[in-house]
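Some notes on the structure that comes next.
The values are calculated or read from the model by the stated rules, or taken from the named source; none is laboratory data. Fair warning: this is a prediction, and the values are worked out from it, not measured in the lab. Ideal geometry is used to build each Cβ from the backbone, glycine not excepted, and the neighbour counts take in all protein chains shown. Areas reflect the complete protein model, heavy atoms only, side chains present, ligands, DNA and RNA absent. Shrake-Rupley method; radii C 1.70, N 1.55, O 1.52, S 1.80 Å.
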Amino acid sequence: MTDILVIEDDNEINRLLCNILSENQYHCVSEYSGKPAYETLKNRSFDMVLLDLMLPEIPGEELLANLRRFSKVPVIIISAKDEMTVKVDMLRTGADDYITKPFDNNEVLARVESNLRRSQGFSSSHLTVGPLVFDTETNVCNLSGKPISLTGTEMKILRLLMENPQKLFTKANLFTSVWDEPYSYDDNAINTHISNLRRKLKSVCPDQEFIETVWGIGYKLIESK
């Protein structure tokens with residue numbers, strides 16, 4: 001299901017936007033203030049963000065600028081600010097669309113659908129888990145907007161885990177998929193590469209784990225909550 005984050009401090013408008021989306025089979029998460037919204041964006045991936053500008057703690061303008069440092073998720077601004085200079089600034093900062101309040105429900109839905117269609121080209125070549133983004137065309141990995149230098153084997157392991165976020169890989173699964181050889185029951189190679197991969201990710205995000213060890217079985221990706 002498509003996940004959409006609605007960041008709007010007005011309870012009624014937030015609820016209205018979520019109703020519009022949920023009635024059309026979208027899954028919504030609501031945030032009402034800039035600071036918790038930013039934390040949610042850093043730790044969980046979404047298919048789209050609907051963003052108000054006049055937010056408590058962190059205004060929408062600043063939130064958008066911060067978000068663009070580590071994510072290309074489509075963002076639609078929904079704001080009472082109707083000045084052309086504001087609209088232009090937000091589009092230049094990284095917004096994908098801009099809707100002024102009061103809005104028409106059908107227009108909101110149509111713009112959401114349109115922007116999701118346009119984003120499919122990006123999502124088809126990018127794997128995203130929270131702040132972790134892997135470009136499958138260039139084999140470039142970014143974490144919180146910072147490039148991570150990985151070996152070829154580390155890239156293969158990370159890509160495999162990100163492509164199958166629900167799957168628990170046994171060491172045999174992992175070995176045969178990455179090395180394309182029969183499993184030799186020597187875990188040293190796997191353990192070493194996983195350890196190095198974890199160390200590189202932790203150097204950028206020391207408070208977040210991305211790879212879980214399931215003792216006696218293998219490894220799986222830790223999906224951001």
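Just to be sure I understand: of the beta bridges DSSP finds with both ends in the chain, what percent are antiparallel, rounded to 5? Of those bridges, close to 50 percent are antiparallel. Phi angles of region 135-146 translate, via the Karplus equation with coefficients 6.51, -1.76, 1.60 and θ = phi - 60°, into HN-Hα couplings of 8, 6, 7, 9, 6, 9, 10, 10, 10, 6, x, 10 Hz per residue; Gly and Pro are given as x.
In a shell of Cβ-Cβ distance under 11 Å around residue 114, excluding residue 114 itself, what net charge do Lys and Arg (+1) and Asp and Glu (-1) give?
Values: positive: 111, 117, 118; negative: 96, 97, 107, 113.
Value of the local net charge: -1.
Shown here: percent of Cα pairs over 32 Å apart, derived from the displayed model; of the candidates (i) 20; (ii) 32; (iii) 28, it corresponds to (iii).
Only Cα pairs under 8 Å and 6+ residues apart enter the sum, and on that basis the relative contact order of region 1-88 stands at 30 percent. Between the alpha-carbon centres of region 178-225 and region 69-133 there is a gap of 34 Å. Using a cutoff of 8 angstrom between alpha carbon atoms and counting only pairs six or more residues apart, the relative contact order for the chain works out to 15 percent. Per the Cα gyration tensor, region 94-208 maps to an equivalent ellipsoid with semi-axes of 37, 16, 12 Å, ordered largest to smallest. Taking only the Cα atoms of region 28-122, the ratio Rg/Rh comes out at 0.93, with Rh defined as the Kirkwood radius.
Remark: spin-label model distance residue 3-residue 43 equals 1.2 nm, labels positioned 7 Å along the Cα→Cβ axis.
Using a simple spin-label model with pseudo-atoms 7 Å out from Cα toward Cβ, residue 198 and residue 211 lie 0.8 nm apart.
Accessible surface calculations at 1.4 Å, restricted to protein heavy atoms, place the chain at 51 Å² per residue. One chain, two ends: residue 177 and residue 222. Fully extended at 0.36 nm per residue, the span grows by 14.3 nm beyond their Cα-Cα distance.
Under the definition of Cα pairs under 8 Å and six or more residues apart, what whole-number percent is the relative contact order of region 71-174? Spell out each step's value before the answer.
Details: 90 pairs, mean separation 18.9, N = 104.
Once divided by the residue count of region 71-174, the mean separation gives 18 percent.
At what distance in angstrom do the alpha carbon centres of region 137-174 and region 1-43 lie from each other? If you average the Cα positions of each part, the centres end up 29 Å apart.
What does the charge dipole of region 1-155 about its Cα centre add up to, to the nearest 20 debye, if the Cβ of each Lys and Arg holds +1 and the Cβ of each Asp and Glu holds -1? Kindly include the intermediate steps, with their values, before the conclusion.
Values: 15 positive and 24 negative charges, 99 e Å.
My answer is approximately 480 debye.
Cβ distances below 4.7 Å define possible disulfide partners, and in the chain the cysteines left without one are 141, 205.
For the chain, carbon and sulfur atoms together expose 47% of the accessible surface, with a 1.4 angstrom probe and every protein chain in place.
Filter the GluC sites (Glu not before Pro) in region 84-146 to those in DSSP coil with at most 16 other Cβ atoms within 10 Å of their Cβ, and list the result.
137
Remark: the residue 118-residue 66 segment gains 16.5 nm on full extension, using 0.36 nm per residue and subtracting the alpha carbon distance.
Per-residue ellipticity at 222 nm for the chain, helices alone: DSSP H runs ≥ 4 residues times -39500 (n - 2.57), over residue total, nearest 500 deg cm²/dmol? Before the final figure, lay out each step's value.
Values: 8 runs with 97 residues, N = 225.
Helix contribution divided over all residues of the chain: -13500 deg cm²/dmol.
Taking amide H as placed 1.01 Å from N in the peptide plane, residue 211 has its amide H under 5 Å from the amide H of 222, each at least 5 places away in sequence or on another chain.
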